[in-house]
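The values are calculated or read from the model by the stated rules, or taken from the named source; none is laboratory data. Being a predicted model, the structure only gives us computed values, none of them experimental. For neighbour counting, all protein chains shown are included, and Cβ atoms are generated from backbone atoms with ideal geometry for every residue, glycine included.
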Amino acid sequence: MYINGKNETLNPPHIDKILEKAKNTHELSKEEIIELLNAQAEPILRLADEIRKKYVGDEIHLRGLIEFSNICKQNCLYCGIRRGNDKIERFRLDVDEIIKIGQKAVEFGYKTLVLQSGEDGFYTQDKMCEIISELKKLDVALTISSGEKTLEEFQAYKKAGADRYLIRIETTDENLYEKNHPTQILKTRFEALKNLKLAGFEVGSGCLVGLPEQTISSLADDILFFKKNDFDMIGIGPFIPSENTPLKDTPAGSFDLALKVMAVVRILMPNTNIPATTAMETLRKNGRLIALQSGANVVMPNVGDYRKKYILYPGKPDEDGLSGRTSFEEKLGSIGRTISNDYGFRKK
Ligand code: SAH
């Protein structure tokens, strides 16, 4: 069912043993994770689905994504909104526009809003705090995903009412990280994640799968990093080449490998929140539904007006998380899942 209709071959018995251990203890060594990432996917995805059902249930949390600026001072090699891309039209929304989108999303039933952007200096601490406190009046849980900030800024956002913050580590491999992020260093990214915990956020992280020269061993390190830090949300997405970026001719990451990485994360972190990422849907039709049957329990539909300009990578499904919500609910119903009515905090 999961792998492209390919004929399944049985995994050797030692893989079953690793899965049995993982099921009972939710702990694996790096070597065992590598074995799983190299093994047939199907039993791993099945176990992840079973654990998802047991620990976080059949409810799916919908988070309404508002992309509010594609202006960015960073220059990540893979990203379509990197500062070096002078071919895209840039936009930034003002406070009123963001609030309007938030109000609409709430009317359509969203209980969480996610504010995402490039690292855009226009949004000073005061401006962000104003946006946060205005959106919080809508009675929603609020997530921010706007890159690296100082501890003081994180604390101010928290005080203004933000609940969660997402910073993917992208990769824990220092060499690979610094090659792909010429304006950033890995240590600062680690520190930002630590500071978010200090500031009291629910913290999300995650990684890209399929960066050039990335190895299975380095993905196993990423998984162990998530587990060790016990993050509240983990987003795993395949790399997708984006026009006008240095990686435009690099082949996309593997959907199947990204799915397996995500499933292993679920097996090791039974009660964390895991989104079925848009990048998965981009690489494979119904990729998100497949992810939801392989460990994921969250979806982040786009509710903003600017999705056509916020192009991290091409081929994102052009969906409206508002008008499309009902048909999406039906799709989820067809795989036996319902949409949660609560704020969707992690249930430990
Ligand atoms: N500026 C914020 C938000 C980044 S965009 C931050 O630094 O956290 C959100 C995520 O999109 C990134 O963390 C990255 O993992 C993903 N992304 C960017 N370009 C991508 C690409 N070409 N393919 C797949 N995912 C990509």
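Structure above, values below:
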| read-out | value |
| --- | --- |
| Test: residue in the stretch 310-322 that is modelled with pLDDT under 90, away from the ligand (no atom under 16 Å from the Cβ) and more than 16 Å from the chain's Cα centre (by Cα) | yes |
| Index of the failed condition, Arg83 passing every other in (1) surrounded by fewer than 23 Cβ atoms within 10 Å (Cβ to Cβ); (2) touching a Leu at 6+ places or on another chain (Cβ under 8 Å) | (2) |
| Qualifying residue in the stretch 248-265 (condition: of a type outside the set (A, V, I, L, M), surrounded by fewer than 19 Cβ atoms within 10 Å (Cβ to Cβ) and in contact with a Leu (Cβ under 6 Å, 6 or more places away or on another chain)) | no |
| Failed criterion for Arg288 (all others in (1) out of contact with any Ser or Thr (no Cβ under 8 Å at 6 or more places or on another chain); (2) surrounded by 21 or more Cβ atoms within 10 Å (Cβ to Cβ); (3) of a type in the set (Lys, Arg) hold) | (1) |
| Every residue from the stretch 173-188 that is among the polar types (S, T, N, Q) and under 19 Å from the mean Cα position of the chain (by Cα) | Asn180 |
| Some residue of the stretch 182-198 being touching a Leu at 6+ places or on another chain (Cβ under 8 Å) and away from the ligand (no atom under 15 Å from the Cβ) | yes |
| Qualifying residue in the stretch 303-313 (condition: touching a Phe, Trp or Tyr at 6+ places or on another chain (Cβ under 9 Å) and free of Cβ contacts under 8 Å to residues at least 12 places away in the same chain) | no |
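Residues checked against (1) of a type outside the set (Ser, Thr, Tyr); (2) closer than 30 Å to Asn341 by Cβ:
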residue: Leu93; (1), (2): yes, yes
residue: Ile99; (1), (2): yes, yes
residue: Gln103; (1), (2): yes, yes
residue: Tyr110; (1), (2): no, yes
residue: Asp126; (1), (2): yes, no
residue: Ile131; (1), (2): yes, yes
residue: Lys137; (1), (2): yes, yes
residue: Ile144; (1), (2): yes, yes
residue: Ala156; (1), (2): yes, no
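Condition check ((1) at positive phi; (2) in contact with a helix residue (DSSP H, G or I) (Cβ under 8 Å, 6 or more places away or on another chain); (3) within 16 Å of the ligand (Cβ to nearest atom)) across all residues:
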{"residue": "Asn38", "(1), (2), (3)": "no, yes, no"}
{"residue": "Pro43", "(1), (2), (3)": "no, yes, no"}
{"residue": "Leu47", "(1), (2), (3)": "no, yes, no"}
{"residue": "Tyr55", "(1), (2), (3)": "no, no, no"}
{"residue": "Ile71", "(1), (2), (3)": "no, no, yes"}
{"residue": "Leu77", "(1), (2), (3)": "no, yes, yes"}
{"residue": "Lys87", "(1), (2), (3)": "no, no, yes"}
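So that you can scan it fast, the table gives a plain yes or no per residue for (1) within 16 Å of the ligand (Cβ to nearest atom); (2) in contact with an Asp or Glu (Cβ under 7 Å, 6 or more places away or on another chain):
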{"site": "Tyr110", "(1), (2)": "no, no"}
{"site": "Leu113", "(1), (2)": "yes, no"}
{"site": "Gly121", "(1), (2)": "yes, no"}
{"site": "Lys127", "(1), (2)": "no, no"}
{"site": "Leu138", "(1), (2)": "no, no"}
{"site": "Ile144", "(1), (2)": "yes, no"}
{"site": "Leu151", "(1), (2)": "no, no"}
{"site": "Gln155", "(1), (2)": "no, no"}
{"site": "Asp163", "(1), (2)": "no, yes"}
